[in-house]
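S.K.: Here you go, one structure.
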Amino acid sequence: MSFIDVQNAFMAHIRDPENVKKPHDVTEERMTVYKELFFNNVEGFVSSAFPVLKSLYCESHWLMLVRNFFINHNCSSPYFLDISAEFLAFLQHEYTMQETDPLFMLELAHYEWVELDVSVCFEDELQKPLTKVDNQPLYLSNTARNLSYQYPVHQISDDFQPSEPSEQPNYFVVYRDEEDEVGFIASNPMTAILLEQLDDNPGLSLSEIVLKVHEIIPQFSEEQLIGGANQTLSALAELGIVVTK
């Protein structure tokens, strides 16, 4: 057996000790230390990144979910900080939902991951705060996220678990303020459209954004849109969600 083969056998048993035999030349005591260390570290990072999601499971079902991730997902990043993104990718693309999983699992997991992602992402050093949005190139801050969900993910808890989607989408902006605290504001369809245009077309001026929005909702005149857009984007600029460069 080559050294690489030994390493692979060692890790295979650590990931799935119930179904993969341990290497014959390693004591059970030593293997137990590694099994507990690796899994507990991963479980700890996942639990801290998704506390609300975890609270909706009994302990055994939560550990089964994390063990499924631990066994079956091949992480593309070696950094512990990226485990939350890897867990989300696993849920979205590799995991088959079970009866014990809430219907809103993927949306809640994404929302919790966004909060973490916003809290740790590096701020674009070229960004500058705005005092007014007229005649300035406008950008969605790289520490802000324009979001919409079918479920009211910001309200979900052990005591409130919706059994069906909302009648209308739930719009939010998650952002990091000047004190590096993560906050969120409830949004609306018009604000979501404005921020979507900023995100897709960075550097537009207010009048250019209004032209883009008018193409999407032509039932409103440009004159109607310009006043509302100015007021909305100015309020978002005060929060550091809309910036210039």
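Readers should treat all values here as calculations from the given coordinates under stated rules, not as data from a laboratory. Not measured: the values here are computed from a predicted model. Positions of Cβ are generated from backbone atoms using ideal geometry, with glycine treated the same way; all protein chains shown enter the neighbour counts.
S.K.: Which ordering of Lys54, Lys245 is given by a fewest-first count of other beta-carbon atoms within 10 Å?
M.R.: Going from sparsest to densest Cβ surroundings: Lys245, Lys54.
S.K.: Another question, if that's okay. Between (1) 14.1; (2) 17.3; (3) 12.9, which matches mean projected area of the Cα convex hull in nm² calculated for the structure shown?
M.R.: The calculated read-out lines up with (2).
S.K.: Per residue of the chain, what 222 nm ellipticity follows from adding -39500 (n - 2.57) for every DSSP H run with n ≥ 4, rounded to the nearest 500?
M.R.: Counting only the DSSP helices, I get -16000 deg cm²/dmol.
S.K.: Where the only charges are on Cβ atoms (+1 Lys, Arg; -1 Asp, Glu), what is the dipole of the stretch 89-245 about its Cα centre, to the nearest 20 debye?
M.R.: 600 debye
S.K.: Charges on Cβ only, +1 for Lys and Arg, -1 for Asp and Glu, centred on the Cα centroid of the stretch 123-245; of Leu239, Ile226, Gln197, which one is farthest towards the dipole's positive end?
M.R.: Ile226
S.K.: Under 28 Å between C-alpha atoms is the cut-off here; go through the chain and count lysine pairs that meet it, provided they're at least eight residues apart or on different chains.
M.R.: Step by step, the pairs that qualify in the chain add up to 8.
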